[in-house]
Amino acid sequence: MKKFVLLLVVTSLFNLPLSAQDFSGEFEKYPVFPKCEDTEIAALKTCFNNTVKELIFANFETPDIVFEENYNGEINVFFEVDKEGTFTVLYVDAIYTELKEAAMAAFEKFPTITPGTYNGKPSISQYTIEFKVPLGELTLETFTPEVSEEQKKPKEVENKDLKNEFDDLEKLPYQNEEYTSNINIPLSHHNYSLFDPAMNRVGINNHTAQKPYVYSEVNKYYNFEAANQKILKNRSSWFGRKWWNEHMVTLKGTDYWLTLDPGVDLQAGKDTDADIDTYNNTRLVYAQGGIGKKISFFAVIYESQGRFADYFNRFAEARKPDGGNPAIIPGRGIAKRFKTDSYDYPIATGHVSYSPSKHFNLQLGHGKNFIGDGYRSLLLSDNSSPYPFFKVNTTFWKLKYTNTWMSLRDVRSEVTADGSFRTKYMANHYLSINITKRWNLGLFESVIWENDNNRGFDFNYLNPVIFFRAIEFSTGSRGGNALIGLSSKFKFSDRVNAYGQLIIDEFSSGDIFGGKGSYKNKIGYQLGAKYYDALGVKGLYLQAEYNRVRPYTYSHNSIVLNYGHNNQSMAHTLGANFSEFIAIARYQKGRIFGDAKLVLAKRGFEFNTTDDMAFYGGSIYGTEDDRISDEGNDLAQGNTTDFLHAELQAGYLINPATNLKVYGSLIFRDFSPEIDTPTTFDNQTTWINFGVRTDLFNWYNDF
């Protein structure tokens with residue numbers, strides 16, 4: 001039996017047919033389908049093979065067990081065409097009985113054809129075929145006739161041969177090429193939670209901290225096409241298919257593909273406590289595609305206007321840039337005034353992804369990155385505005401090594417020179433290693449340096465395998481700010497895992513372990529856990545997380561060398577000088593989804609009054625030269641504030657291809673400082689919101 005199965009695998013129809021008789025192919029004629037009757041004899045084999053494939057794709061019905069168990073595999077079928085031209089299945093090799101039955105049922109629908117012949121007489125012909133489950137892309141063979149030596153000689157090309165070049169461009173059916181491409185999956189906590197269980201099974205040798213993922217690395221564990229097929233709506237009209245199931249525009253030819261979609265982020269709501277009617281009006285266009293098998297690209301253009309809840313507007317305006325623009329929209333970018341009380345904030349993001357081999361992926365883009373397994377990240381998060389970056393992912397054995405170089409901006413008035421924003425650069429390394437099939441460990445280092453002495457981008461930091469501390473010292477330690485960190489995850493089972501992070505901004509063991517509250521004790525840590533299919537409910541995702549960051553972490557005594565970009569933190573949303581507990585529940589069944597989130601925090605702010613302008617370590621943009629004390633610093637010092645944020649969201653996925661959703665949300669926020677100041681004062685917010693959005697990025701309203 002083992003030899004027989006091996007024979008089936010090796011001699012697939014796509015490579016070599018098997019005949020039941022021992023003869024030379026010189027007198028053999030392949031069975032003839034009606035569509036192949038006018039085909040020359042030399043091309044009959046190709047026509048027969050292609051027609052068999054087409055009939056399988058037309059008649060094979062994938063059983064439910066394939067989708068239920070997220071199975072990706074192959075079926076081998078050994079069949080014959082008898083002397084009457086009838087197809088008979090002799091043997092099927094597959095993992096499930098249901099797959100074997102489905103294969104036999106598909107062949108039962110094959111028509112009777114003209115049988116093959118040998119030496120002019122009808123004969124029995126036996127073949128094998130191998131195909132993937134779920135069915136992938138239908139790839140047909142091309143008949144290439146033998147070319148004589150005379151024909152191989154070069155000939156002059158006449159211009160008339162190119163007259164039909166435009167009309168001869170090949171157009172092929174689009175078959176969800178994005179799911180096997182090297183395009184980044186847009187960062188969305190809810191969408192990532194759908195395939196997070198598949199990515200975190202015990203024994204899998206992947207790496208989940210470096211985000212965003214590319215489709216091809218996730219599709220190995222979570223079949224996007226199969227998952228979407230389960231929720232597709234049966235629509236035959238063009239509008240019905242485009243609205244419910246498909247991309248708006250698709251284009252595919254030889255060695256290229258492209259999709260083009262319009263999108264929106266339309267919101268309408270009310271901050272009932274401040275009596276503000278809120279809205280967001282985003283129109284967008286995004287394109288994605290591939291050229292060959294190694295190059296992929298993704299680009300989005302947003303045009304947006306909005307007015308938000310009172311606390312959100314105040315936060316945005318407190319981070320306004322130099323030059324007169326009134327605000328920076330958190331996570332988005334610089335906004336100009338729109339009408340009298342709203343903001344206009346255009347954005348463009350995108351990237352080109354190149355994978356020269358299975359071990360390397362290179363990306364050049366303008367967007368965001370994230371390192372960690374949690375809802376927050378203490379190392380690098382998607383909290384800030386998009387920025388230019390170049391990234392190299394190297395994956396082999398049990399390792400994944402990510403190198404990222406970024407160009408950032410400081411837009412504050414006190415650092416702006418000659419009307420131009422201050423440029424700084426960041427480089428970081430993250431090495432992930434699977435110690436065992438359950439335990440992953442990550443090592444992180446990052447350095448920020450400014451364009452002092454007109455040095456621009458310092459090529460010393462291009463070295464991908466050195467420690468930044470050594471480079472920082474050799475180039476002048478005051479010209480850079482280096483951080484180091486650890487990240488780890490342990491899988492207790494396929495349904496439960498725990499994760500954590502440690503960030504060390506200034507490695508001084510005497511200050512960290514001295515117990516005197518030194519301002520140099522600039523560390524933070526994260527502990528969290530995830531529970532998939534929680535409480536026996538399929539699709540229920542539960543997460544709990546605790547974050548704690550000491551005062552002065554991420555800040556620096558050089559005014560530019562903080563861990564920020566566009567007046568926003570590159571790590572945790574709350575900056576520093578806080579402790580925080582987060583509980584999250586997510587659920588999706590079919591196209592219906594819901595999220596619930598609770599954030600409880602104790603935070604320390606600066607007073608920023610005429611009586612007290614000291615720096616207590618809450619803002620990452622403060623300078624340590626203004627610190628309140630060398631020692632005796634404690635968590636949430638300064639204007640201690642109790643913070644509560646509760647958020648509920650429920651909605652319906654309109655189109656899984658474009659991730660278009662309709663939803664409603666409710667936010668309750670309570671902000672209670674110890675002392676009211678002009679910028680930090682007691683307030684409550686109840687924000688009701690309804691919207692339709694193309695979900696391509698995370699909105700963070702919990703700050």
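The values are calculated or read from the model by the stated rules, or taken from the named source; none is laboratory data. As the structure is a computational prediction, the values presented were derived from the model and not from experiment. Here Cβ is always computed from backbone atoms with ideal geometry, including for glycine, and neighbour counts include all displayed protein chains.
Side notes on the structure shown:
- The requirement of being without any contact (Cβ under 8 Å) to a residue 40 or more places away in the chain and not in a loop (DSSP other than H, G, I, E, B) is fulfilled somewhere in segment 597-613, by at least one residue.
- Those residues of segment 36-78 which are touching a helix residue (DSSP H, G or I) at 6+ places or on another chain (Cβ under 6 Å) and of a type in the set (Phe, Trp, Tyr), in sequence order: Phe60, Phe67, Phe78
- Checked against the criterion of being of a type in the set (Lys, Arg), over 14 Å from Ile675 (Cα atoms) and touching a Ser or Thr at 6+ places or on another chain (Cβ under 8 Å), the candidates Arg586, Arg627 yield just one match: Arg586.
- Remark: pairs (first residue in segment 398-425, at positive phi; second residue of a type outside the set (Gly, Ala, Ser); Cβ separation under 9 Å; 6+ apart in sequence or on different chains) = Gly419/Asp322.
- Verdict on Gly622 being at positive phi, not aromatic (Phe, Trp, Tyr) and not in a strand (DSSP E or B): no
- Of the residues making up segment 161-178, those that are assigned to a loop (DSSP other than H, G, I, E, B) and within 21 Å of Thr142 (Cβ to Cβ) are Asn164, Glu165, Asp167, Asp168, Leu169, Glu170, Lys171, Leu172, Pro173, Tyr174, Gln175.
- Comparison of Phe681, Phe643, Phe671, Phe690 shows that the only residue that is in the same structural domain as Ile512 (by TED's automatic domain parsing) and touching a helix residue (DSSP H, G or I) at 6+ places or on another chain (Cβ under 9 Å) is Phe671.
- Annotation: Thr640 fulfils all but one of (1) modelled with pLDDT of 95 or more; (2) within 29 Å of Lys522 (Cα to Cα); (3) not in a strand (DSSP E or B); the unmet one is (3).
- Odd one out for Ser407, checked against (1) surrounded by 21 or more Cβ atoms within 10 Å (Cβ to Cβ); (2) more than 30 Å from Arg495 (Cβ to Cβ): (1)
- Filter result (touching a Pro at 6+ places or on another chain (Cβ under 7 Å) and among the basic types (Lys, Arg)) within segment 72-106: Lys83
- Subset of segment 195-223 [under 19 Å from Asn369 (Cα atoms) and assigned to a loop (DSSP other than H, G, I, E, B)]: Asn206, His207, Thr208, Ala209, Pro212, Tyr213
- Only residues that are within 22 Å of Ile654 (Cα to Cα) and buried (at least 19 other Cβ atoms within 10 Å of the Cβ) were counted across segment 259-288, and they come to 11.
- Within segment 388-422, considering residues that are basic (Lys, Arg) and assigned to a loop (DSSP other than H, G, I, E, B), the one farthest from the chain's Cα centre (by Cα): Arg412
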